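Heads up, the thing below is written out as structure tokens.
Read-outs: derived from the displayed coordinates by stated rules, not from any lab. Given the structure is predicted, the values throughout are model-derived calculations rather than measurements. Every residue, glycine among them, receives a Cβ derived from its backbone with ideal geometry; neighbour counts consider all protein chains shown.
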Amino acid sequence: MALYIHVPFCTMMCPFCIFFSVPYSRDRARPYFKALTGELEGVLSRLEGASFREVYVGGGTPTLATEEVCEALDLVRSMGHRFEASVEASPYDIDDHKVSQLVSAGVTRISLGVQSFRPDALPRIGRPRISKEGLRAAIEACSRARTVNVDVLLGLPGQGRRDLELELEAFYESKANQLTLYPLMPSIREGATLPPVSERRERGLYYFAVDRAKTMGLSQDTVWSFSKGPSGLSDEYIVDFNLFIGVGAGAMSHVEGLFYANTFNLRKYEDAAAKGRSPVALARRLSPGEEQRLYALYKLCGLRLPKRGFRRRFGKPVYLAMPREVMAGLALGLLRDRGEELVVTRRGLYAISYLMKAFYVKISQIRAIAIRKGF
Ligand code: SF4
């Protein structure tokens, strides 16, 4: 199982963002981390005997509160969990000191929200310019962690194939060893979003990037991520750990048969912690069929669905549990049966990327409604 810790603070509100975040201030962060520590202690003591093998700290911008993030990781470790840790960071605020703190706290992967290596593209997506040298220094600082991932957006306004090629080349020349090229999605913020990308354009850009990455010798680890060497943890922790527990305001969890989310309201979250109440605000029970399809989607995002793993989890073969989906995937050439596993073909890559995007867009719509309704 994976543990997700949400840090909802940012110094900028990007118009393409699908995650829950609020403007950062020290005064806001202090009570938040007190509440988060309380929730984390409760989760860890309730789950005594369970083992978290990955801790993913996302946001927001967790490195605005590096000390508190390290304390949370120490707390999890002090309860006997042996895990790899991944932390999201912003190229605008990361530095050697923060990276030292993270690495000392056992962080093996830092994921930088670069979005574009091209300084002139940043103002067009509502972000301040960062020079090539500044970006290089940020990536170099992070390279003390075993894996340095850079997130780059696919489908930015005006982005053509040559622009995408330049992004891939800049990644290749940098010290980052993993690239997550994720598609532009409608923002969580009302009225603040970038023009949507058509499916046709997105598909063309996607296959261009997949092919170019291959000719550069990069290996593809998930539908969206590529690496220079052996792959480490990826942005899609749900691929390896399809069950996860989230702590923090707005954090989502998926445990056997249940999908639920904590309140998105910081005051309610802190109140719940102070009164020892659960911060869960929304929950949805999943049918066995939904659970099986989600599992299959998570795994296929990682390009392969192990048949034995599916059978162990659901007590029946994937062919019997999802006959229509599997047969259609094979007939359309999106999947191939390799005996032990179903693998995603080149043709199937975009189909799975499309489904993953649809899943994230749905989650982000739920987030937006929950925030608006004060959950
Ligand atoms: S994209 Fe990153 S920095 Fe921008 S608002 Fe979202 S979480 Fe914050």
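Label region 282-359 by shape, choosing from rounded, prolate and oblate, from the square roots a ≥ b ≥ c of the eigenvalues of the Cα gyration tensor; if a/c is under 1.5 it is rounded, and otherwise prolate applies when a/b is larger than b/c, oblate when it is not. Write down the numbers at each step before the final one.
Numbers: a/c = 1.84, a/b = 1.19, b/c = 1.55.
Since a/c reaches 1.5 but b/c is at least a/b, the shape of region 282-359 is classed as oblate.
DSSP loop (so not H, G, I, E, B), at most 11 other Cβ within 10 Å: list which GluC sites (Glu not before Pro) in region 11-61 pass both filters.
E48
Could you please rank D211, D27, D240, placing first whichever residue has the fewest other Cβ atoms within 10 Å of its Cβ?
Working: D211 11, D27 7, D240 14.
Going from sparsest to densest Cβ surroundings: D27, D211, D240.
Would you kindly calculate the mean projected area, averaged across all directions, of the convex hull enclosing the Cα atoms of region 2-66, in square nanometres?
Values: hull surface 19.6 nm².
If you wrap the Cα atoms of region 2-66 in a convex hull and average its projections, you get 4.9 nm².
Let's see if you can work this out: charge +1 on each Lys and Arg Cβ, -1 on each Asp and Glu Cβ, no other charges. What is the dipole magnitude of region 2-227 about its Cα centre, in debye to the nearest 20? Don't skip to the answer; put the middle values down first.
Values: 27 positive and 28 negative charges, 78 e Å.
With only Lys, Arg, Asp and Glu charged at Cβ, the dipole is about 380 debye.
Could you tell me which trypsin sites (Lys or Arg not before Pro) in region 1-67 are loop residues by DSSP with no more than 16 other beta carbons within 10 angstrom of their beta carbon? Mind dumping the intermediate values first?
On the way: sites: R26, R28, K34, R46, R53; in loops: R53.
Listed in order of number, the matching sites are R53.
Defining a contact as two alpha carbons under 8 Å apart and six or more residues distant in sequence, what relative contact order in percent does the chain show?
On the way: 647 pairs, mean separation 59.5, N = 375.
Normalised by residue count, the contact order of the chain is 16 percent.
Where does the chain land at 222 nm, in deg cm²/dmol rounded to the nearest 500, when only DSSP H runs of n ≥ 4 count, each adding -39500 (n - 2.57), divided by all residues? Could you put the intermediate results ahead of the total?
Values: 12 runs with 155 residues, N = 375.
One gets -13000 deg cm²/dmol as the mean residue ellipticity at 222 nm.
Any chance you could check the Cα centroid distance between region 245-279 and region 286-343 for me, in angstrom?
31 Å
Inverting the mean 1/r over all pairs of different Cα atoms, compute the Kirkwood radius of the chain and quote it in Å.
Numbers: mean 1/r = 0.0470 Å⁻¹.
Answer for the chain: a Kirkwood hydrodynamic radius of 21.3 Å.
Classify region 68-121 from the C-alpha gyration tensor, please: rounded if a/c falls under 1.5, else prolate or oblate depending on whether a/b exceeds b/c.
Numbers: a/c = 3.44, a/b = 2.45, b/c = 1.41.
Here region 68-121 falls in the prolate category.
Rounded to a whole number of µm²/s, how large is the Stokes-Einstein D of region 31-112 at 10 °C and 1.306 mPa s, given Rh as the Kirkwood radius over C-alpha pairs?
Numbers: Rh = 13.0 Å.
D = 122 µm²/s.
Counting only DSSP beta bridges with both residues in region 2-227, tell me the antiparallel percent, nearest 5. Can you show the working numbers first?
Details: 5 of 33 bridges.
Taking every DSSP beta bridge with both residues in region 2-227, the antiparallel ones total about 15 percent.
How much net charge surrounds R77 when only other residues with a Cβ under 12 Å from its Cβ are counted (Lys, Arg +1; Asp, Glu -1)?
Details: positive: R82; negative: E71, D74, E84.
So the environment of R77 carries a net charge of -2.
Using Cα springs under 10 Å in a Gaussian network model of the chain, which residue among R347, R312, R203 shows the largest mean-square fluctuation?
Per the Cα network of the chain with a 10 Å cutoff, R312 tops the list.
In debye to the nearest 20, how big a dipole does region 117-222 give about its Cα centre with +1 on each Lys and Arg Cβ and -1 on each Asp and Glu Cβ? Please report the intermediate quantities before stating the final value.
Values: 17 positive and 14 negative charges, 21 e Å.
The dipole of region 117-222 has a size of about 100 debye.
When only C-alpha pairs under 8 Å and at least 6 residues apart count, what is the relative contact order of region 297-375, in percent? Numbers along the way, then the final one.
Values: 64 pairs, mean separation 23.3, N = 79.
Relative CO of region 297-375 lands at 29 percent.
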